[in-house]
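Engineer: Here it is, the structure in full.
The values are calculated or read from the model by the stated rules, or taken from the named source; none is laboratory data. Quick caveat: nothing in here was measured; it's all calculated off a predicted structure. Backbone-built Cβ (ideal geometry, glycine too); neighbour counts: all protein chains shown.
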Amino acid sequence: MKRLSAEDPRWIGDYRLLGRLGEGGMGRVYLARSGRGRTVAVKAVQDELARQPDFRRRFAQEITAARKVGGEWTAPVLDADTEAATPWLATGYIAGPSLSEVVDDQFGPLPHPTVTALASGLVRALSDIHRAGLVHRDLKPSNILITIDGPRVIDFGIARALDSAVQSAGGLTRTGALVGSPGFMSPEQVRGMQVTPASDVFCLGAVLAYAATGRMPFGTADSGVHALLFRIAEEEPELSGLEGPLRDLVAACLTKNPADRPTVEMLLQQTEGELKGTWLPGEVLAELGRHAVQLLDSEDPESVEQPRAEAVSTAGPVVSGPLAQPTPSTPPPSAPQGPSTPPPSPQQGPSTPPPSGQSAPSTPPPPGLYGPPSGSPYSPPRQQQWQPGFPGQHAGPAPAPGPAPAGPAPAPGPAPAGPGGPGGARPAQPLRPTASPRRSAQALTVLFSLHLLIGTIAVVVDGLVINKLDSVQANTGFADELEDINGYGRLQGATVGVEVIESLLGISVIVLWLIWFWRVRVNSEHFAPGRIRYSSAMAVGSWFIPVCNLFMPKQVLNDVWTASDPAAPQWQGYGPKPRVRRGIVNGWWTMWLVYFFFFLLDYESWYGEDSLEAAQQTISVAVFTDFFGIPATILALVLVSRLTSMQDGRLAGRLN
């Protein structure tokens, strides 16, 4: 990792940069920390690419698809802003050296068992990437990080967005444009043909040959890039030093014709179980330990006691070179104009927000203290503002900065309210701690399963009652006394038993549902602070408010689902609202409303009616109620399971 230079920004989005990790075809990669202290890797796109609308569109599409890959064998996508002046992407940081560093600088060629285990992990990473509808297109040693648990692939799928910037219609690469890394490209990439998952298989073979021998199978570019590309497209690879099953696997992957290469599914079967135990040599394991210590020792470039605005102003320009923007000496045009005052020094006032629950000064800190510097090309398209409580809450326009009043600060008043109602941000408030909703979800699953069983029994009992009542009417032709019906006592007893069990289960389901609903509502506030409609207490109480219970819980659940879905992590109200599929939510809510309507009509039991005709009408309504109650319960089971899994994934750190 290199130290930040004068031309590097200090902040990208809400991430504080610690150092520069590298630079590639798309832009620079920085080591950074989020507001919660998580170490991440942030890639800032080159300014030349940022000016191409087609690149931005494809970049956004690929980020959305890349979120589906997960983080078992790859670096998870945590955050991004494709609409900023300079688009950027934040992924989980993997504390390990790249394969190129291990082979070229630290250890040399790896033993065959290690390379075989490496193949097993890389095949699984490619399987996840391809299953998400992506093609890596740039699988090379520098894009493979080595960890104790196995290899991790980075920059997956994002190369496809870069590909679109140098492609013409029809999926063919423009003349003179090259997408990929010479030495680790497939013949179809060299020829400018359409790239498929088979191209990644070819690159995999080149990577494995390099890891086992320390050299590229088609030589280096010492004799010229064009000569290297010709050897990739026309000549056979140099595989001396490889032997046995590993040589056969690499040779099969490096077949010129994409149709003759093994598929990822075939490679999964061939390498299954190879990555186990201690798969790395001792020297490499020792280097991983040193790498982890170096990460722990890394510090912020500026003191944590220095205000953010002051850090930006004293650390040189925020951005220079192709990304340069002049540092404003006056408030930006979008901000209300007021007297210009210098930012307070550390001795003049606190440089960090007061702890949650304590009083806060009524005069907000200088712009940029808790958000990206004003005018930064990395700033999200929203108005940053300080609010008492915790960073990340936004409510209404910020007041104009002015000189600090003399004397003691006035007592703080209530926080300014943001736009209320559906879709509006709420005032900042202390966050409750997060916790997994798994326990309440498991209890709900058991109760819902029992409810399904009792509902099925109820349908059977109702069917017997209908048959008996129909037969009595057909035989007598007039309304008879219900008590005189043969078998009346047994049918009444069965119906009463089912109703009692359903009532007890219903009460238990209601209590656990409210607990689970409150918990997922609290958790989602951490994923999208201030963007969930209504408070936690109101979200629970809305189920018992007449008329309001027909729409308010659904509004809360829509927001909770959007905040928890992996397709839209860290959405906090800036930029367009993410498009999240809520088919499960909408389907369940529709069935629930229909079931609720029939449940209100089914307020009496058939055996309490005075006539045979009234009993038939009542039992018919009961059948319709059970008919809609069963699918509503099944959809509720799916909803609880899916939403719980999404929140567990966010809380476990796979998504920030």
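Engineer: Val42 - would you say it is more than 30 Å from Gly205 (Cβ to Cβ), in the same structural domain as Leu18 (by TED's automatic domain parsing), among the β-branched types (Val, Ile, Thr) and touching a strand residue (DSSP E or B) at 6+ places or on another chain (Cβ under 9 Å)? Quick ask: steps written out before the conclusion?
Structural biologist: Details: more than 30 Å from Gly205 (Cβ to Cβ): yes; in the same structural domain as Leu18 (by TED's automatic domain parsing): yes; among the β-branched types (Val, Ile, Thr): yes; touching a strand residue (DSSP E or B) at 6+ places or on another chain (Cβ under 9 Å): yes.
Spelling it out, Val42 is indeed more than 30 Å from Gly205 (Cβ to Cβ), in the same structural domain as Leu18 (by TED's automatic domain parsing), among the β-branched types (Val, Ile, Thr) and touching a strand residue (DSSP E or B) at 6+ places or on another chain (Cβ under 9 Å).
Engineer: Of everything in region 518-551 that's more than 20 Å from Val585 (Cα to Cα) and not small (Gly, Ala, Ser), which residue is farthest from the chain's Cα centre (by Cα)?
Structural biologist: The residue in question is Pro546.
Engineer: Go through region 121-135 and count every residue that is modelled with pLDDT of 90 or more and surrounded by 22 or more Cβ atoms within 10 Å (Cβ to Cβ).
Structural biologist: Applying the first criterion (modelled with pLDDT of 90 or more) to region 121-135 yields 121-127.
Checking which are surrounded by 22 or more Cβ atoms within 10 Å (Cβ to Cβ) leaves us with 121-126.
Summing the residues that are modelled with pLDDT of 90 or more and surrounded by 22 or more Cβ atoms within 10 Å (Cβ to Cβ) in region 121-135 gives 6.
Engineer: Hey, any hits in region 79-95 for a residue that's crowded, with 17+ Cβ neighbours inside 10 Å, among the polar types (S, T, N, Q) and within 30 Å of Leu242 (Cβ to Cβ)?
Structural biologist: no
Engineer: Sticking with this one: Looking at region 591-644, which of its residues are assigned to a helix (DSSP H, G or I), touching a residue at least 12 places away in the same chain (Cβ under 8 Å) and more than 46 Å from the chain's Cα centre (by Cα)? I'd like the intermediate steps shown before the answer.
Structural biologist: Filtering region 591-644 for residues assigned to a helix (DSSP H, G or I) gives 591-601, 606-608, 612-644.
Those left that are additionally touching a residue at least 12 places away in the same chain (Cβ under 8 Å): 591-595, 598-599, 601, 606-607, 612-613, 615-616, 618-644.
Hits for region 591-644 are Trp606, Tyr607, Leu612, Glu613, Ala615, Gln616, Thr618, Ile619, Ser620.
Engineer: If you go through region 20-48, how many residues are in a strand (DSSP E or B) and crowded, with 16+ Cβ neighbours inside 10 Å?
Structural biologist: First, pick out the residues of region 20-48 that are in a strand (DSSP E or B): 20-23, 27-33, 39-45.
Cutting the leftovers down to crowded, with 16+ Cβ neighbours inside 10 Å gives us 20-21, 27-33, 39-45.
Matching residues across region 20-48 total 16.
Engineer: Considering region 503-519 alone, what residues qualify as being without any contact (Cβ under 8 Å) to a residue 60 or more places away in the chain and polar (S, T, N, Q)?
Structural biologist: Filtering region 503-519 for residues without any contact (Cβ under 8 Å) to a residue 60 or more places away in the chain gives 503-507, 510-511, 514, 517-518.
Correct list: Ser503 only.
Engineer: Tell me which residues, restricted to region 434-468, are more than 24 Å from Arg490 (Cβ to Cβ), among the β-branched types (Val, Ile, Thr) and surrounded by 19 or more Cβ atoms within 10 Å (Cβ to Cβ).
Structural biologist: Within region 434-468, none qualify.
Engineer: Can you tell me which residues in region 191-241 are surrounded by fewer than 20 Cβ atoms within 10 Å (Cβ to Cβ), under 13 Å from Pro258 (Cβ atoms) and β-branched (Val, Ile, Thr)?
Structural biologist: Answer for region 191-241, where residues must be surrounded by fewer than 20 Cβ atoms within 10 Å (Cβ to Cβ), under 13 Å from Pro258 (Cβ atoms) and β-branched (Val, Ile, Thr): just Thr196.
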